[in-house]
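Working notes, structure below.
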Amino acid sequence: MRAAYASALHPDEPLRGLTVADLPEPHVPDGWVPVDVRASSLNHHDLWSLRGVGLPADRLPMILGCDAAGVDPDGAEVVVFPVVEDKADPRGYSLFSERHPGTIAERLAAPRENLIPKPPELSFVEAACLPTAWLTAYHMLVTRGRIADASAVLVQGAGGGVSTAAVVLAAALGKRVYATSRDAGKRERIAALGATAVEPGARLAERVDVVIESVGAPTFDHSMKCSAPGARIVVCGATAGHRAEIDLRRVFAMQLEILGSSMGTAAELAGLLELCATRGVRPVIDTTVPFSEVGSAFARLASGDVFGKVAVDHQA
């Protein structure tokens, strides 16, 4: 079967280790089922895997990809929840492409409980963009950030998969949304998604109840200064620096909550799919390529110039 996989690890030039070729059909363990993959999408996790982060050489070749939508053995259209219970991993779980073959292939083996019904309102490509980045944003907003109790949200560094998803979802949930970006072109596109787009560090028209923080050190002080009393600053990454300085006086005086967040649950993925189906929400897609051009999808993601998701249409 066709697959995109890591054949070698290159920390400084990750794309050198990417191979697109035929591999044997995936082994299907007891309690798992095969899925015919109709679409998949890329995440920065795939580039980190090619660098060897979380993927040692003794697991090569490893099919890449965490996200997929397809058809199960009964003919049902499904979305694959990307987290697998894994006693061999210190975390107690792993993502597809870490210990088990990933999603950027013609077929995937997955636990039956990881298969979530795909709403007919969503295409396979749209659905395949949701399980990692959009689920992360949904979990940050709804569960960790308790957005139901919020009026305004700030999204730092909008433009990537998680932050763009957070803008769209927060707006769909009826909140006032502010979003920062250094790039004027991205600010224009963010504004079109329903946010008030500003430069990093800019003063907002109001203090916000929830901050979606994935940038880290360069923006964290701004996140705190923009927070209303009792606000939740939800952190899922630190792409520009992990050692932020925090004024603890502001934390206790304003009774702020600083919350870590990672991925989400299968039930939350089902909730996200329902939200998209019932409210007409669709993922922001930067690029969609046929499987024959999957190498260009990785190059696009590695360029750092994406706005939204990079998807692979396995049927094209």
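Being surrounded by fewer than 16 Cβ atoms within 10 Å (Cβ to Cβ), more than 29 Å from V306 (Cα to Cα) and not basic (K, R) narrows it down to one of P61, P34, P24, P56, so name that one. If you could, list the steps in order and put the result at the bottom.
Details: P61 fails: more than 29 Å from V306 (Cα to Cα); P34 fails: surrounded by fewer than 16 Cβ atoms within 10 Å (Cβ to Cβ); P56 fails: more than 29 Å from V306 (Cα to Cα).
Checking each option against the conditions leaves just P24.
If you go through segment 131-153 and keep only what is closer than 15 Å to P283 by Cβ and not hydrophobic (A, V, I, L, M, F, W, C), you end up with P131, T132, T136, Y138. Scanning segment 279-316 for residues that are hydroxyl-bearing (S, T, Y) and more than 15 Å from A39 (Cα to Cα), we see that the one that is surrounded by the most Cβ atoms within 10 Å (Cβ to Cβ) is S296. Among the candidates V33, V78, the residue that is in contact with a helix residue (DSSP H, G or I) (Cβ under 8 Å, 6 or more places away or on another chain) and either in the same structural domain as E121 (by TED's automatic domain parsing) or not aliphatic (A, V, I, L, M) (or both) is uniquely V33. When segment 81-98 is filtered for residues that are charged (D, E, K, R) and modelled with pLDDT under 95, the ones remaining, listed by number, are E85, D86, K87, D89, R91.
Could you identify the single residue in G75, G102 that is touching a Phe, Trp or Tyr at 6+ places or on another chain (Cβ under 6 Å), over 17 Å from G264 (Cβ atoms) and in a loop (DSSP other than H, G, I, E, B)? Outline the logic, then answer.
Values: G75 fails: touching a Phe, Trp or Tyr at 6+ places or on another chain (Cβ under 6 Å).
Every option except G102 fails the conditions.
Which residue is farthest from the chain's Cα centre (by Cα), if the candidates are limited to segment 84-99 and must be in a strand (DSSP E or B) and surrounded by fewer than 24 Cβ atoms within 10 Å (Cβ to Cβ)? Out of the qualifying residues, it is E85.
Quick check on my filter: what residues within segment 154-197 are among the β-branched types (V, I, T) and either over 18 Å from I285 (Cα atoms) or in contact with a Cys (Cβ under 9 Å, 6 or more places away or on another chain) (or both)?
Looking only at segment 154-197, we keep the residues that are among the β-branched types (V, I, T), and these are 155, 162, 164, 167-168, 177, 180, 190, 196.
V155, V162, V177, T180, T196, listed by residue number.
Here I285, I212 are screened, and the one residue that is of a type in the set (A, V, I, L, M, F, W, C), touching a Cys at 6+ places or on another chain (Cβ under 9 Å), closer than 16 Å to C129 by Cβ and touching a residue at least 60 places away in the same chain (Cβ under 8 Å) is I285.
Listed here are the residues, each with its yes/no results for (1) within 18 Å of V162 (Cα to Cα); (2) in the same structural domain as A172 (by TED's automatic domain parsing); (3) touching a Pro at 6+ places or on another chain (Cβ under 7 Å); (4) not hydrophobic (A, V, I, L, M, F, W, C).
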{"residue": "A277", "(1), (2), (3), (4)": "no, no, yes, no"}
{"residue": "T288", "(1), (2), (3), (4)": "yes, no, no, yes"}
{"residue": "E293", "(1), (2), (3), (4)": "no, no, no, yes"}
{"residue": "F298", "(1), (2), (3), (4)": "yes, no, no, no"}
{"residue": "L301", "(1), (2), (3), (4)": "yes, no, no, no"}
{"residue": "K309", "(1), (2), (3), (4)": "yes, no, yes, yes"}
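Residue pairs, Cβ under 6 Å, 6 or more apart or interchain, first in segment 87-113 and in contact (Cβ under 8 Å) with a residue 40 or more places away in the chain and within 15 Å of D36 (Cβ to Cβ), second surrounded by 17 or more Cβ atoms within 10 Å (Cβ to Cβ) and of a type in the set (S, T, N, Q). List them. Cβ pairs passing all conditions: T103/S40; I104/S40. As a summary of the residue check, A148 satisfies the conditions (1) surrounded by fewer than 23 Cβ atoms within 10 Å (Cβ to Cβ); (2) in the same structural domain as M62 (by TED's automatic domain parsing) except for the one numbered (2).
Would you pick out the residues in segment 288-305 that are in contact (Cβ under 8 Å) with a residue 40 or more places away in the chain and within 19 Å of A68 (Cβ to Cβ)?
Within segment 288-305, the first condition is being in contact (Cβ under 8 Å) with a residue 40 or more places away in the chain, and the residues that meet it are 288, 291, 294-295, 297-299, 301-302.
Selection gives T288, F291, V294, G295, A297, F298, L301.
Residues in segment 177-204 that are in a loop (DSSP other than H, G, I, E, B) and either acidic (D, E) or without any contact (Cβ under 8 Å) to a residue 12 or more places away in the chain (or both): D183, E199, R203. Within segment 24-32, does at least one residue satisfy the condition of being farther than 26 Å from S296 by Cβ, more than 21 Å from the chain's Cα centre (by Cα), among the aromatic types (F, W, Y) and assigned to a strand (DSSP E or B)? Scanning segment 24-32 turns up at least one residue that is farther than 26 Å from S296 by Cβ, more than 21 Å from the chain's Cα centre (by Cα), among the aromatic types (F, W, Y) and assigned to a strand (DSSP E or B).
Test G70 against the criterion of being in a strand (DSSP E or B), touching a helix residue (DSSP H, G or I) at 6+ places or on another chain (Cβ under 9 Å) and touching a residue at least 24 places away in the same chain (Cβ under 8 Å), and give yes or no. If you could, list the steps in order and put the result at the bottom.
On the way: in a strand (DSSP E or B): yes; touching a helix residue (DSSP H, G or I) at 6+ places or on another chain (Cβ under 9 Å): yes; touching a residue at least 24 places away in the same chain (Cβ under 8 Å): yes.
Criteria met by G70.
The residue that is farthest from C66 (Cα to Cα), counting only those in segment 3-19 that are in contact with a Gly (Cβ under 6 Å, 6 or more places away or on another chain) and surrounded by 17 or more Cβ atoms within 10 Å (Cβ to Cβ), is L9.
The values are calculated or read from the model by the stated rules, or taken from the named source; none is laboratory data. Keep in mind that what you see is a predicted model, and the values were worked out from it rather than measured. All Cβ positions, glycine included, derive from the backbone under ideal geometry; neighbour counts span all protein chains shown.
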